[in-house]
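The values are calculated or read from the model by the stated rules, or taken from the named source; none is laboratory data. Computed from a predicted model, the values in this text were never measured in an experiment. Using ideal geometry, Cβ is built from the backbone for each residue, glycine included, and neighbour counts are taken over all protein chains shown. Ligands, DNA and RNA are excluded from the accessible area calculation, which covers all protein heavy atoms including side chains. Shrake-Rupley method; radii C 1.70, N 1.55, O 1.52, S 1.80 Å.
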Amino acid sequence: MKVEVLGSYGGNTSSHRLTGFLIDDFLAVDAGCLTSALPLERQYAISDVLVSHSHSDHTGTLPYLVDNQFGFTQGPLRIHGSQWVIDVIKRHIFNDVIWPDFLRLPNPDTPSIEYVRLNNERSFQLKHLRITPIEVNHIVPCFGFLIRSERSQSSLLYTADTTTTNRVWELANASENLKGVIIDCSFPNQMKQL
């Protein structure tokens with residue numbers, strides 16, 4: 001499994017990109033910086049985006065990715081998230097006010113995006129990757145992801161924004177050949193009350 005860190009910050013500066021990871025060139029994990037980190041040709045290769053939660057440091061470049069892919073890729077970009085995340089993205093991003101509703105472009109029969117609802121601890125397959133969404137403790141509904149590659153027989157855990165969530169560690173500990181853990185930390189321990 002090839003994992004690229006495109007951005008890993010909650011703030012955005014010229015030298016620090018918002019949260020985004022790319023796995024095996026086709027799967028984006030969060031979309032804080034996809035279009036600012038990747039040339040167009042690499043953006044065209046992304047077929048799926050896992051969205052952990054609705055905060056803009058995890059969704060900020062999603063509209064631009066869809067726009068950049070428009071007319072240059074086969075099939076819709078699949079946006080995977082909880083029902084809550086999908087509803088927020090529909091209502092507040094792809095709403096024909098902030099950004100066009102790409103469910104209707106180029107037309108409703110051949111949309112540029114497709115929403116895929118994720119359910120807690122219900123694993124699903126994307127090509128050679130087995131993905132398990134895991135609810136984590138955040139101020140808004142949020143998933144971490146346990147991703148297992150059938151090719152390399154290895155696993156990766158991504159926690160997304162979270163405070164203490166024991167279940168994510170139980171599943172990580174039960175995972176075979178866990179090779180990496182990405183923990184999204186927003187605040188130091190002395191700011192635990194936040």
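Quick notes on this structure:
- The set of residues in the stretch 175-194 being open to solvent by less than 70 Å² (accessible area, probe 1.4 Å) and in contact (Cβ under 8 Å) with a residue 40 or more places away in the chain consists of Gly180, Ile182, Asp184.
- If you go through the stretch 13-35 and keep only what is without any contact (Cβ under 8 Å) to a residue 60 or more places away in the chain and in contact with a Gly (Cβ under 8 Å, 6 or more places away or on another chain), you end up with His16, Arg17, Leu18, Gly20, Ala28, Ala31, Gly32, Cys33, Leu34.
- Of the strands (runs of 3 or more DSSP E) that lie entirely inside the stretch 1-69, not one contains 1 or more residues that are hydroxyl-bearing (Ser, Thr, Tyr) and closer than 19 Å to Gly180 by Cα.
- Residue, most open to solvent (accessible area, probe 1.4 Å), within the stretch 102-131, restricted to residues that are of a type in the set (D, E, K, R) and assigned to a strand (DSSP E or B): Arg117
- Every residue from the stretch 35-89 that is over 13 Å from the mean Cα position of the chain (by Cα) and hydroxyl-bearing (Ser, Thr, Tyr): Thr35, Ser36, Tyr44, Tyr64, Thr73
- Close Cβ contacts (under 8 Å, 6 or more residues apart or on different chains) running from residues in the stretch 131-152 that are closer than 23 Å to Thr163 by Cβ to residues that are aliphatic (A, V, I, L, M) and open to solvent by 60 Å² or more (accessible area, probe 1.4 Å) comprise Ile147/Met1.
- Residue list for the stretch 137-174, filter: open to solvent by less than 70 Å² (accessible area, probe 1.4 Å), farther than 17 Å from Thr19 by Cβ and part of a loop (DSSP other than H, G, I, E, B): Ser152, Thr165
- Unmet criterion (only one of (1) assigned to a loop (DSSP other than H, G, I, E, B); (2) surrounded by 17 or more Cβ atoms within 10 Å (Cβ to Cβ); (3) not charged (D, E, K, R)) for Ile134: (1)
- Neighbours by Cβ (under 6 Å, 6+ apart or cross-chain): first from the stretch 74-102, closer than 21 Å to Thr132 by Cα; second in a loop (DSSP other than H, G, I, E, B) and open to solvent by 30 Å² or more (accessible area, probe 1.4 Å): Ser82/Pro141; Trp84/Pro141
- Against the conditions (1) in a helix (DSSP H, G or I); (2) under 21 Å from Met1 (Cβ atoms); (3) of a type in the set (D, E, K, R), Lys179 satisfies every one except (1).
- Residue under evaluation Arg78, criteria (1) outside any strand (DSSP E or B); (2) more than 24 Å from Ile183 (Cβ to Cβ), criterion not met: (1)
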